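See below for the structure under consideration.
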Amino acid sequence: MNAAETPMVKAEAVSKAYGSNTVLRSISLEVKRGEVLCLVGPSGSGKSTFLRCINHLETVSAGRLSVDGSLVGYRQHGDKIYELHPKDAAKQRRDIGMVFQRFNLFPHMTAVENVMLAPTLLKKGQPKGQVKARALELLARVGLAERSDYYPSQLSGGQQQRVAIARALAMEPKLMLFDEPTSALDPELVGEVLEVMKELAKSGMTMIVVTHEMGFAREVADTLVFMDGGVVVEQGDPREVLSNPQHQRTRAFLSKVL
Ligand code: ADP
Ligand code: MG
């Protein structure tokens, strides 16, 4: 398989348990380069846990999980699998951007300083002027060119979340994970964040988005995955899953969020 065909994310029978509590049961899915996958399902179904496994915040209990052809947190040599050295795992993780429900910006730093932080710490040797120019470019991309010197407390929730997206993009990730990025926002601020995400998808970014915004899923996603109780109940073209769900559990969930 050549590099262009290697899926960006591949989960093969991924399971995760906390003690006796199995929260992911044999999850299999694939996200190709440039694709958007929307992950939906009731609270507690394991959506965040799955994203956290991809982003090295949890380890899987069974199965194989790979990003861009490399096992997450492990290295394969012949038939043997070795745990990655934390340094190499951290390097792998830098290719993945994540945006959370809570924006977690540093309150004592301006928007542009928040966006500059990771590249300043991790891309040592890059001239500061260059890091700043790139950060300003990213803020412009999320529609915040005029707000670069504002502190988080001077920004609306929607603006803060857009800064958080710019911050995640600053490390030039090849994959972006979004965990309910609009769930903490006032309804009138949801649209501006979804708009930025839509633009990002259009630009070719590979994305996994946990969301209850079915309009976004219908319009932007290549694949919609419905999870419940740690299993993938159904997945497919979002328009098909949304208009013609095959399972009672999917229908019950959709009747609540649509
Ligand atoms: P979702 O994001 O779909 O709401 P989560 O992935 O957050 O679901 O949680 C799935 C299940 O895993 C829940 O039952 C939750 O209590 C459990 N869980 C999540 N994180 C932990 C943890 N660190 N330790 C123990 N149980 C956890
Ligand atoms: Mg969650």
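Provide the packing ranking of 114-126, 80-92, 168-180, i.e. peptides ordered by the mean count of other C-beta atoms within 10 Å per residue, highest first. Present the calculation step by step, with values, prior to reporting the outcome.
Details: 114-126: 15.8, 80-92: 12.0, 168-180: 20.1.
Listed from highest to lowest mean packing, they are 168-180, 114-126, 80-92.
By the rule of a C-alpha distance below 19 Å, with chain neighbours fewer than 8 residues away ignored, the aspartates and glutamates paired with Lys123 are Asp88, Asp95, Glu113, Glu137, Glu172. What shape does the chain take by its C-alpha gyration tensor, where a ≥ b ≥ c are the square roots of the eigenvalues and a/c under 1.5 counts as rounded, a/b above b/c as prolate, and the rest as oblate? Because a/c hits 1.5 or more and a/b fails to exceed b/c, the chain counts as oblate. Relative protection proxy for 141-149, 246-254, 29-37, from highest mean packing down: 29-37, 141-149, 246-254 (other beta-carbon atoms within 10 angstrom). Extension gain, Lys202 to Lys32: 0.36 nm times the residue separation minus the Cα-Cα distance gives 59.8 nm. Distance from the Cα centroid of the stretch 71-94 to that of the stretch 20-68 is 18 Å (rounded to whole angstrom). Adding -39500 (n - 2.57) for every DSSP H run of four residues or longer, then dividing by how many residues the chain holds, sets the calculated 222 nm ellipticity at -11000 deg cm²/dmol.
Give the accessible surface of the chain per residue, rounded to a whole number of Å², with probe radius 1.4 Å and ligands, DNA and RNA excluded.
Working: 12710 Å² over 258 residues.
Using a 1.4 Å probe on heavy atoms only, each residue of the chain averages 49 Å².
Highest mean first, the peptides 68-77, 40-49, 206-215 sorted by other C-beta atoms within 10 Å per residue fall in the order 206-215, 40-49, 68-77. Straight-line reach from Lys10: taking Cα to Cα under 18 Å and skipping same-chain neighbours fewer than 8 places apart, the lysines in range are Lys32, Lys47, Lys174. Accessible surface of the chain, 1.4 Å probe: 48 percent of it comes from carbon and sulfur atoms.
The values are calculated or read from the model by the stated rules, or taken from the named source; none is laboratory data. Nothing here was measured: the structure is a model prediction, and the numbers come from that model. When we count neighbours, we look across all protein chains shown, and the Cβ atoms used for this are built from the backbone with ideal geometry, even at glycine. Side chains are part of the model used for accessible areas, which takes the heavy atoms of the whole protein and leaves out ligands, DNA and RNA. Shrake-Rupley method; radii C 1.70, N 1.55, O 1.52, S 1.80 Å.
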